[in-house]
Every structure is written in structure tokens, then in C-alpha cells.
1. Here are some residues: B:116, B:140, B:133, B:123. Which one is of a type in the set (A, V, I, L, M) and crowded, with 24+ Cβ neighbours inside 10 Å?
2. For residue B:227, are the conditions met, namely being more than 10 Å from chain A (Cβ to nearest Cβ), in a loop (DSSP other than H, G, I, E, B) and farther than 22 Å from residue A:236 by Cα?
3. For region A:234-327, give me every one of the helices (runs of 4 or more DSSP H) that falls completely inside it and has 2 or more residues that are crowded, with 21+ Cβ neighbours inside 10 Å and assigned by TED's automatic domain parsing to the domain that holds residue A:177.
4. Please give the number of the condition residue B:131 fails out of (1) in contact with a helix residue (DSSP H, G or I) (Cβ under 8 Å, 6 or more places away or on another chain); (2) closer than 22 Å to residue B:246 by Cβ.
5. Restricting the search to region A:196-216, which residues are of a type outside the set (A, V, I, L, M) and closer than 20 Å to residue A:312 by Cβ?
6. Of the residues B:222, B:305, B:289, which is within 8 Å of chain A (Cβ to nearest Cβ) and modelled with pLDDT of 95 or more?
7. With (1) closer than 27 Å to residue B:325 by Cβ; (2) surrounded by 17 or more Cβ atoms within 10 Å (Cβ to Cβ) as the list, and residue B:155 as the residue in question, which single condition is left unmet?
8. Quick one: in region B:247-286, of everything that is among the charged types (D, E, K, R) and over 16 Å from residue A:260 (Cα atoms), which residue is nearest to the other protein chains (Cβ to nearest Cβ)?
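The values are calculated or read from the model by the stated rules, or taken from the named source; none is laboratory data. The structure presented is a predicted model; accordingly, all values stated were derived computationally and were not measured. Glycine also receives a Cβ, built like all others from the backbone with ideal geometry; neighbour counts cover every protein chain displayed.
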There are 2 protein chains.
Amino acid sequence: MASVKGEEVVSNKQVILRDYVTGYPKESDMYVTTGSIKLKVPEGSNAVLVKNLYLSCDPYMRSRMKPATNASYIASFTPGSPIVGRGVGKVLDSAHPNFKKGDLVWGMTGWEEYSLITETDSLFEIQHTDVPLSYYTGILGMPGMTAYVGFYEVCSPKKGEYVFISAASGAVGQLVGQFAKLLGCFVVGSAGSKEKVDLLKNKFGFDDAFNYKEEPDLDAALKRYFPEGIDIYFENVGGKTLDAVLLNMRIHGRIAVCGMISQYNLDQPEGVKNLMFLIVKRIHMQGFLVSDYYHLYPKFLDTMLPYIREGKIVYVEDIAEGLESGPAALVGLFSGRNVGKQVVVVARE
Amino acid sequence: MASVKGEEVVSNKQVILRDYVTGYPKESDMYVTTGSIKLKVPEGSNAVLVKNLYLSCDPYMRSRMKPATNASYIASFTPGSPIVGRGVGKVLDSAHPNFKKGDLVWGMTGWEEYSLITETDSLFEIQHTDVPLSYYTGILGMPGMTAYVGFYEVCSPKKGEYVFISAASGAVGQLVGQFAKLLGCFVVGSAGSKEKVDLLKNKFGFDDAFNYKEEPDLDAALKRYFPEGIDIYFENVGGKTLDAVLLNMRIHGRIAVCGMISQYNLDQPEGVKNLMFLIVKRIHMQGFLVSDYYHLYPKFLDTMLPYIREGKIVYVEDIAEGLESGPAALVGLFSGRNVGKQVVVVARE
């Protein structure tokens, strides 16, 4: 640690994107290196300097690992630079009026030990610390908001409806299922391992769950779990699953399109063939981005914090220790290696 | 004409479905025969006996020419029996309290000279005859209602928005475009011939129109006509057109899924690949059936009749003369032979 004119410079471990990625991302598409950083925000800036504590691995980050196209809603990463994502950090220095040294924040930060955050629009101050800080990468952060607005704002759910959730044990799916159960819906989820299916049934209280990898005929599986059909499909995977779901939707059903993780690593997306059922069953299908709904964040917190404190909603995280484990944790999302919300711990305080 | 105990029996020409159809329907899938009918409703029934005047050719009828599947929302035709569709008729006899001899009606009837209608739920009495009676198969009937509810109820249109309509010169499309123009939208339509494109531009007042058969790259065509993108897509064709439209939708765009005529005669529907854009652009895609909206029919008439009388909305029909021309007229829908709403005249009064 060097001190120059009272300014502390420290080493800064970073996860760097080697180059744009085609196909499934691999650990070797990233590398860990050590740079240095001055623990002080530049004079005259509006920036915030944070020590990163928890980093969030989210499926949408795949889209930032390739050059921007007109299918992009967010900028690409810069090869040779640290990747960027949401995380929880502690403010070490701030030139921004809303943040001061010692504050805990969550929002967009770098995959590194320390980040100088110049785009502060996405930063939220963390005011409730009686829950695990890592929760602000998940249940109390972007994925939690995604589940909340996707279910309550997009799905128009009603008590007693039949709800299907794909990628159901993930950061978003596990919450959507619990929201639906709290409302009195019948909820079935799909996931990719026995361990995840057990979680859905025994931890998250889904009415039922199945391992899609063991179902050669998804249509038949859905007919078994939903003999009356599906009112609400919370779409996280796309492709063949969506095609099978379309065959099983009920009249006036709703499909909230949150993500299509099965498609992110394909050169060409799979074609979806059963869209005629949108007409036959008069289905509402709506894509959404959580970024349109952050004005609801205070209301969301008022709902979620009591749920968590009273144990009405539980949350499962998959914690990877250390920044070095970040690349494997991130690429693991796309093979379904994670069980629950994938978090990388950089430091605990 | 024979009279038995005062009951008149007349000959009754009919269009019969030979057998279920695979692939594109052909004229030879139907044949014309002559039966006989008693021009009196059975005692104790609720039936209505009509002389058919105008019969409507509608794309959805293709789905009734094959065995019912879980993709059917309406019963199949019965091979060996007359096909069934909407039409305009004159009541010759009635046991139903809502209809009396001499009334003009529109609704579900047989493709024959005279029909005994026992399922009378779909019948509407025609009260305004200062407009062409054939209009009740189109602009004032099911296609008109489809355009009206599809545009106003499903698309949530706003002045100044960019609207694209496929199969735009058809019975529904030509009206959607005129509704959109009346609201102050920018409207472009696609159709399958120069004659239709001319109609769209010169008769219906679309801002622009193109022949999709002359556009090897639909994405490029849409980018040319909508450099700012599309707010509202009124979907009548499906398949490749939908895929190209998805690439060109604007944020918070809406897609009203009315029909997918390009898919009706395929063994396997084409796969639609660009559904990720539903998320990226936060698109609402909604399938609808006009049958959910007939409670709005009186309001619809109150809107449409003045529009027609004042010339604010025009309507183009393609009239086939005589029941014998029915099979060719119906199958012509699927090759795009018709220019405007396809009607078959059985009798003029």
C-alpha cells in the first residue's frame, strides 16, 4: 500500500473479459489480474468509490459479453476491462451528495475489489441491515424486483390460478413461486436437477416441480402437472419450453416474458411454432424489463422486508468465495450449476 | 316446387365439403349438389329458416376444414355436409321470438340457397339497409368488428404512432388502416400484388404500402418504411413477417394477433425466432377473438354507420357471383386471389 501526498493507492484484483464470446461462455473467456486504484474520488467529480463486498451473477450479463446489436438493451462489456454487474459495496469515499463514506450501497459496479463508480444512477443506499447484505444482490435487489413486478404488475394474478415457472429455483423463479403461493395459486416449477426439484417442493413450498431434463416430452409433462391448463406462465427459458407451454395455456392466459436463458448462447435462436395458440386461447404475452419499474422499489421493500423477517418468504443463495471464483460462478449459470441465486463474495465487510 | 299439405318444398343448391383437407385447399375439395328443403321451420323448434343472399369467405374457415385439435376454437365442418360460414339472409319462416318473416339477418348459416338455422345465437337482425346488404359480411359484420376491437381494444393506439398492418387490403386490414389514419397514426400496409398496394395507397389512404412478394428482405423493407420503428403491428399473417416485425418494434410496442394466414396450410408452422425482442422492447403481444367482444356490437354500429354514410371509411369487396363460384372464392383467399373482402352472392333479394 503506497501513500502519495496523503492519497492511498492499493492493489485491486479484477475479473477481465478477454474478448467477445460466441456460444457458451467459458471460465477462460475471463481472467483475473491485479491492478491498482487510488482510494479517493477525483476532485470535481460526482463519483463514489466503493469496496465491493458481494457481486451478483445474472443471466442477462451474457448479452454484454458480445458486441451490441439491435437486440441489446444494455451496453456491451469492453474486452480487456473488468466486467460489470450489480453488487453490494461499502462507500470509502464519495463526491456525490446522496452517498457518504461508510454507507452501504447496491447497484452497478465492477468485478474487482474496489470500484470508482461514475454512473451513480443505479445506486441505492442500503438502509436495512438486519437481513444478510448479500440479499441486495437478489431477493432485495434486481432479481427480487424482477419477480415482484413480473408477477404482480405483468401477470395480473388471481387466487386459485394455475401458475407455471421455468428456471424456477433461480434467483427470480423461487420468489415468483412463493408470491404465487402467498396469493393462493397452484404453482409448479421446472428446474434442471433433482436437488433443485427438491428445493422447489420442500423449501419453497411449490405444489409440485419436475426436472425438465428427465422429460422427453415437455407437452406431456405439462399435461400431467396441469390437467386443467396453465393460467400464468412466468417465462425464464424460451425455446422448446415456451412451445410446450403454448399448447397448454388456458383461455385468457398470461405469459410474462422475463428471460429466455436457453437461447442466450445459441447462434440462431430456436423457432417457436405454436404462436397460433395466442389467438386460440386469447393470450397476453408481455416482455418486461425491471428497469421500467424502479419507482416501485420503496413499495417493494415495504412488502419484502416483513416477509423475510417473518419467514413468509425464504431465499436460497449459492455463494462462491472470492473474486477468483467469479468466472466459474458466472459461466455456471448457463449450465445450471448454481442452486439458487449465484453470488460471489469479494469481502464480507 | 312441390307443395305437400301446404308445405312448400324447394330445390336447394349446396356447397359440400368432400373430405378433410391437408395443405392448401383446392376447389375440388368441395362440390356443388342440389338437395331439397321444406320452407317451414319444424313445429316446436326455435329455428329460423332463411334464404341466403350473401356468404362471407373468411380465413378462419380453413381451420374448420380439418379434424378438430386442441388448436381449434370452433367445430370442424362435417365432410359430406354443406360448409358453414357467416352470411346475410332473409327470414322466410321463424319459430324464434326475436325473428319474423321478412327480417334481414346476418350470422352463421350454411353454404346453400336456403338454410334452417337451429343455432340462432350468432344471428343479428339487420336494422339499417341504406348501406349495401353485403356489408354485413364485412365492414358491418365479423371482419368489421374484428378490426374495430382489435385496433381500439387491443392495440391501445395513440395519435402519431407508427402502425404496420399485414394482409392490409383484406377484409380486416383495410379497416384497421383507416381507423389508424382517422386517429392520426402513420400507417403502412403490406399486401401481395401491385393492385392491392395501389388500393392501400390510393383508396384507403395508407401513408405507404409494399408488395411483400417483391421484398426478399422483409427486415430491410420494414426499416425503409419505418426508420423510427413500429409502435403497433396488426398481425394477420404470422411466420417470417412476424419475425421481421419483431426486429423493428419500438419500446413498449403492441402486437395484436388477429390471424396467421401464412401458417394455416402448413403441416408444421414456421418457427418464430426473434421473440427475445419481446423483452428487449417490452412488447405486449395479445391474441384475440372477436367472439369475446360482441357485446360491443351496438356501439360499433353507432360508430361505423356514420363513417360509411359520410364517406370517412370506404370498403372494397370482391364479389363472386353465384353459389357455384363459392369454392373458388374460398380457396382463393389462401393464394391471395381476392382483392378486398371476398363475398359470394347467392341471391340479391
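1. The unique qualifying residue is B:140.
2. Details: more than 10 Å from chain A (Cβ to nearest Cβ): yes; in a loop (DSSP other than H, G, I, E, B): yes; farther than 22 Å from residue A:236 by Cα: yes.
Yes: the conditions hold for residue B:227.
3. The helices (runs of 4 or more DSSP H) meeting that bar are A:240-246, A:276-280.
4. Result: residue B:131 passes all but (2).
5. A:201, A:202, A:203, A:204, A:205, A:206, A:207 - these are the residues of region A:196-216 that are of a type outside the set (A, V, I, L, M) and closer than 20 Å to residue A:312 by Cβ.
6. B:289
7. (1)
8. Taking region B:247-286 first, the residues among the charged types (D, E, K, R) are B:250, B:254, B:267, B:270, B:273, B:281-282.
Add one more test, that the residue is over 16 Å from residue A:260 (Cα atoms), and what stays is B:250, B:254, B:267, B:270.
On the way: B:250: 11, B:254: 10, B:267: 11, B:270: 7 Å.
Checked region B:247-286; the qualifying residue nearest to the other protein chains (Cβ to nearest Cβ) is B:270.
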